[in-house]
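FYI, it's all coordinate maths here, none of it is from the lab. Source: prediction; values computed, not measured. Cβ sites come from the backbone with ideal geometry, for glycine too, and all protein chains shown count toward neighbours.
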Amino acid sequence: MSSTADTVLIRQLGPADRDAYFRLRLRGLQAHPESFGQSYEEALAKGAAQHDATLQGSQAEGNFLLGAYASPDATLIGVVGLLRYKADKERHKANVVGMYVAQEATGRGIGRALLSELLARAARVDGLRQVQLTVGSRNDAARKLYESLGFRKYGCEVGALNVGGVFHDEDLMMRLL
């Protein structure tokens with residue numbers, strides 16, 4: 001477990017965290033539908049069990065979810081995940097997924113703390129060389145955070161997400177470990 005200067009605790013989430021994780025994910029999907037591939041309605045239909053495999057993931061394998069807490073017994077206020085590619089020829093890569101910080105906790109460095117911890121853990125995964133992510137092309141704050149941590153844009157997917165008939169472009173970013 002690690003912490004930032006203002007006592008935010010970051011730890012790997014496990015099966016016991018499923019309900020808290022799912023509640024926070026639903027908040028993110030509802031608040032920022034243009035930032036996630038899954039819709040709020042899809043998430044509700046699939047339920048919390050859709051995250052069981054990831055919550056049982058292994059940091060050593062490069063598949064895990066991290067959570068941020070204001071204190072050890074506090075509510076989950078931020079999440080981010082890493083999912084490693086499965087194919088032999090792509091196992092040197094992993095994707096950052098599900099990055100979200102609750103509205104009441106923004107502006108406190110929680111996103112940076114989560115992503116910094118994710119990168120530190122990713123660097124210890126045997127054979128992992130590259131971390132990728134996508135970010136809404138108009139999400140300047142998130143893109144600036146990612147750039148400050150060494151991510152670089154390598155492309156743009158035009159019309160990547162269709163949210164209620166409005167198409168949103170996504171920047172493709174990567175960082176070598």
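Structural remarks
- Lys, Arg +1 and Asp, Glu -1 on Cβ, resulting dipole of the chain about Cα centre, debye, nearest 20: 460
- Structural descriptor for the chain: relative contact order 19 percent, calculated from alpha carbon pairs under 8 angstrom and at least 6 residues apart.
- Straight-line reach from Lys86: taking Cα to Cα under 28 Å and skipping same-chain neighbours fewer than 8 places apart, the lysines in range are Lys46, Lys153.
- Extended-chain gain in nm, criterion 0.36 nm per residue less alpha-carbon gap, Ala87 and Asp140: 15.8 nm
- Considering all different alpha carbon pairs of the range 2-176, the Kirkwood hydrodynamic radius works out to 16.5 Å.
- Over the range 88-177, the hull volume per residue, using the convex hull of the C-alpha atoms, is 112 Å³.
- If the segment from Asp169 to Gln38 were pulled out straight at 0.36 nm per residue, it would be longer than the present Cα-Cα gap by 45.6 nm.
- Label sites at Ser116 and Asp73, each approximated as a point 7 angstrom past Cα along Cα to Cβ, lie 2.7 nm apart.
- Counting neighbouring Cβ atoms within 10 Å and putting the fewest first, the residues Met99, Met174 line up as Met174, Met99.
- The length gained on full extension between Gln56 and Thr7, counted as 0.36 nm times the residue separation minus their Cα-Cα distance, comes to 15.0 nm.
- Put simply, the amide H of Tyr85, placed in the peptide plane, has neighbours under 5 Å in Lys93, Ala94, Asn95, leaving out anything fewer than 5 places away on its chain.
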